[in-house]
Amino acid sequence: MSSPIGPLTVVSDGSAITALQWGEGGTQDTTPELTEALAQLAAYFRGGLTRFDLPLNVGGSEFQRRVCDAMREIPFGETVTYGDLATRMGASPQAIGNACGGNPIPVIIPCHRVLAASGLGGYSGEGGVETKVWLLRHEGAAGLLI
């Protein structure tokens with residue numbers, strides 16, 4: 001799909017979303033979860049959706065899945081720090097940062113809402129920190145960037 005942050009491709013395992021990637025996808029498969037994901041992403045970018053409700057299958061370690069679950073709980077327009085999540089999860093901020101960077105389903109799982117204690121931190125999606133800033137502004141969290 002075309003989006004304000006570039007072309008996006010949503011990937012499914014046939015029953016759940018497994019990835020969101022920048023760029024054009026190789027196939028045009030149509031499944032109910034892909035159709036719904038594209039509709040929800042379009043609504044999000046139009047400003048009409050603040051929480052995604054999609055079946056997700058996050059690969060990786062148990063820790064990766066737990067961090068992704070924690071990120072899904074961060075409300076639209078709000079942010080937390082890597083340290084906040086680290087404290088809640090009994091992990092180091094670096095481990096949280098690595099798990100955020102390994103998020104296979106960015107935007108839908110809002111790793112852009114996780115910031116460093118003294119700045120934005122990184123963003124592994126296409127466009128890096130500029131994309132993170134765009135997403136935060138889109139969600140009305142721009143006051144945090146000043």
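The values are calculated or read from the model by the stated rules, or taken from the named source; none is laboratory data. Only a predicted model underlies this, so the values are computations on that prediction, with no experimental measurement involved. For neighbour counting, all protein chains shown are included, and Cβ atoms are generated from backbone atoms with ideal geometry for every residue, glycine included. Just the protein is used for accessible areas: all its heavy atoms, side chains included, with ligands, DNA and RNA removed. Shrake-Rupley method; radii C 1.70, N 1.55, O 1.52, S 1.80 Å.
Ligands, DNA and RNA left out, the 1.4 Å accessible surface of the chain is 50% carbon and sulfur atoms. Calculated accessible area for the chain comes out at 49 Å² per residue, all protein chains present (probe 1.4 Å; ligands, DNA, RNA ignored). Each principal axis of the stretch 23-91 carries a Cα extent, and these read 41, 29, 21 Å when sorted largest first. Here the gap between Thr50 and Trp134, fully extended at 0.36 nm per residue and compared with their Cα-Cα distance, gives a gain of 28.7 nm. Hydrodynamic estimate: the Kirkwood radius of the stretch 54-109 over Cα pairs, inserted into Stokes-Einstein at 4 °C and 1.567 mPa s, corresponds to D of 114 µm²/s.
Approximating the spin labels as points 7 Å out from Cα along Cα→Cβ, the Arg88-to-Ser61 distance works out to 2.0 nm. The loop-placed trypsin sites (Lys or Arg not before Pro) in the stretch 47-94, going by DSSP, that have at most 12 neighbouring Cβ atoms within 10 Å of their Cβ come out as Arg51. Among Ser61, Ser12, Ser124, the largest mean-square fluctuation in a Gaussian network model of the chain, built with springs joining Cα atoms closer than 10 Å, belongs to Ser61. Taken over the chain, the percentage of Cα pairs per 5 Å bin, counting from 0 up to the bin with the maximum distance, is 2, 10, 20, 23, 22, 14, 7, 2, 0. Between Ala116 and Thr9, the contour length at 0.36 nm per residue exceeds the alpha carbon distance by 35.7 nm.
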